[in-house]
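First the structure, in the form of structure tokens, and then the observations on it.
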Amino acid sequence: MLENAAAQVRGINLIGVSDEQPVPARAAVVEQMSREGAFNLAFVHQPSIWERTQSKIDLMLCGHTHNGQIFPFNFLVRLQFRHVYGLFAEGGSTLYVSSGAGCWGPRMRLGSRNEIVMIELRPA
């Protein structure tokens with residue numbers, strides 16, 4: 001497990017960020033652990049730091065939002081997070097926010113589906 005740490009595998013710089021710290025500290029970890037010339041792939045629980053770290057990251061994978069999980073609370077999630085679910089690209093950086101396979105609170109979903117995502121990375 002990478003917790004505020006990075007590991008290099010075949011030219012890919014894998015960055016893991018702990019969720020147990022404030023947003024500025026999470027962003028600082030990404031900025032400090034990114035490597036010039038490598039493909040920087042960050043695993044971050046919440047998508048809230050993507051905009052702050054786009055210039056350092058090629059791909060960020062997040063969860064946390066569960067794509068709203070239960071109607072009508074999905075509207076509240078959209079008020080708190082700009083990127084709630086899906087694929088986003090901006091300024092050479094890509095973000096994927098998964099709805100996840102599990103649940104928070106009640107073990108149910110209404111208006112959101114579970115997912116397990118397979119991402120294949122290929123050389124440019």
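The values are calculated or read from the model by the stated rules, or taken from the named source; none is laboratory data. Just so we're clear, the structure is a prediction, and the values are computed from it rather than from any experiment. When we count neighbours, we look across all protein chains shown, and the Cβ atoms used for this are built from the backbone with ideal geometry, even at glycine.
Just one of (1) within 14 Å of the chain's Cα centre (by Cα); (2) at pLDDT below 70; (3) among the hydrophobic types (A, V, I, L, M, F, W, C) fails for L76. It is (1). Taking the options S55, S112, S98, name whichever one is small (G, A, S), at pLDDT below 85 and touching a strand residue (DSSP E or B) at 6+ places or on another chain (Cβ under 9 Å). After applying the criteria, what remains is S112. Being surrounded by 15 or more Cβ atoms within 10 Å (Cβ to Cβ), polar (S, T, N, Q) and touching a Ser or Thr at 6+ places or on another chain (Cβ under 6 Å) holds for only one residue in N40, N13, and it is N40.
Selection over the range 1-42 of residues that are in contact with a helix residue (DSSP H, G or I) (Cβ under 6 Å, 6 or more places away or on another chain) and β-branched (V, I, T) gives a count of 4.
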